[in-house]
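Novice: Here's a structure for you.
The values are calculated or read from the model by the stated rules, or taken from the named source; none is laboratory data. Just so you know, these numbers come straight off a predicted model, no measurement behind them. As a convention, Cβ positions derive from the backbone with ideal geometry for all residues, glycine included, and neighbour counts pool all protein chains shown. With ligands, DNA and RNA removed, areas are computed over all heavy atoms of the protein, side chains included. Shrake-Rupley method; radii C 1.70, N 1.55, O 1.52, S 1.80 Å.
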Amino acid sequence: MQEAINLAKENLKLKNGGPFGAIVVKNGKIIGRGVNTVTTQNDPTAHAEVNAIREACSNLNSFQLEDCEIYSSCEPCPMCLGAIYWARPKKLYFAATRNDAAKAGFDDSKIYKEMELPVTARELPSEQLMHKEAAHVFNTWNNLKHKDEY
């Protein structure tokens with residue numbers, strides 16, 4: 001955990017983005033590191049956890065983090081938590097809480113609330129289009145004999 005916190009501290013000094021750091025560990029060895037680079041990469045998805053997952057998956061040549069652990073300097077935001085679930089590590093550790101992040105101006109409470117609402121009640125106007133055509137693609141996927149399940 002100290003390494004994740006150190007990455008967050010260093011990121012502040014380098015002014016690469018927000019005060020967040022994360023590492024991915026497998027068998028006691030760090031296989032992925034990440035810091036928040038949202039502002040320097042002009043990428044709203046470049047959070048520390050996502051960057052650490054990308055590096056770890058690249059190093060493992062796998063899209064899954066089986067038998068890995070993720071250490072984050074802060075409780076992951078909804079996007080990062082989703083990415084962590086998709087990566088399937090065996091455990092997540094975090095230091096600061098989402099409330100600590102909110103006090104520093106990184107408040108995700110609106111996103112958590114919006115996710116609980118029906119699509120039609122969310123602040124972001126959303127409209128479903130071409131459902132039949134898109135569902136057909138999933139039907140095709142379901143009928144494939146050789147596919148990489150995940």
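Novice: If you check T45 against the conditions, is it polar (S, T, N, Q), within 24 Å of T97 (Cβ to Cβ), in contact with a helix residue (DSSP H, G or I) (Cβ under 8 Å, 6 or more places away or on another chain) and open to solvent by 20 Å² or more (accessible area, probe 1.4 Å)? Before the answer, list the steps.
Specialist: Details: polar (S, T, N, Q): yes; within 24 Å of T97 (Cβ to Cβ): yes; in contact with a helix residue (DSSP H, G or I) (Cβ under 8 Å, 6 or more places away or on another chain): yes; open to solvent by 20 Å² or more (accessible area, probe 1.4 Å): yes.
Answer is yes for this residue.
Novice: Right, next: Sort out which residues of segment 72-112 are open to solvent by 40 Å² or more (accessible area, probe 1.4 Å) and of a type in the set (G, A, S), and write them in order of number.
Specialist: If the condition is that a residue be open to solvent by 40 Å² or more (accessible area, probe 1.4 Å) and of a type in the set (G, A, S), then A95, A104, G105, S109 are the ones that fit.
Novice: If you don't mind, another one. For segment 11-35, enumerate the residues that are assigned to a strand (DSSP E or B) and among the small types (G, A, S). Show your work before the answer.
Specialist: Within segment 11-35, the first condition is being assigned to a strand (DSSP E or B), and the residues that meet it are 21-26, 29-35.
Hits for segment 11-35 are G21, A22, G32, G34.
Novice: Residues of segment 85-95 being within 15 Å of L60 (Cβ to Cβ) and within 11 Å of the chain's Cα centre (by Cα), which ones?
Specialist: So in segment 85-95, the residues within 15 Å of L60 (Cβ to Cβ) come out as 86-90.
Hits for segment 85-95 are W86, A87.
Novice: Now for a different question. Just to verify a result, which residue in segment 53-71, among those that are free of Cβ contacts under 8 Å to residues at least 60 places away in the same chain and either of a type in the set (D, E) or in a loop (DSSP other than H, G, I, E, B) (or both), is surrounded by the most Cβ atoms within 10 Å (Cβ to Cβ)? Break it down into steps so the answer makes sense when it comes.
Specialist: Applying the first criterion (free of Cβ contacts under 8 Å to residues at least 60 places away in the same chain) to segment 53-71 yields 53-62, 65-70.
Then drop every residue that is not either of a type in the set (D, E) or in a loop (DSSP other than H, G, I, E, B) (or both), which leaves 55, 61-62, 65-67, 69.
On the way: E55: 18, N61: 6, S62: 12, L65: 24, E66: 11, D67: 13, E69: 16.
Ranking the qualifying residues of segment 53-71, first place goes to L65.
Novice: Still on this structure: Is segment 116-124 home to any residue that is in contact (Cβ under 8 Å) with a residue 24 or more places away in the chain and not polar (S, T, N, Q)? Walk me through it before giving the result.
Specialist: Filtering segment 116-124 down to residues in contact (Cβ under 8 Å) with a residue 24 or more places away in the chain leaves none.
Checked against the condition, which is being in contact (Cβ under 8 Å) with a residue 24 or more places away in the chain and not polar (S, T, N, Q), segment 116-124 yields no hits at all.
Novice: Can you tell me how many residues in segment 115-147 are open to solvent by 100 Å² or more (accessible area, probe 1.4 Å) and under 26 Å from P78 (Cβ atoms)?
Specialist: 11
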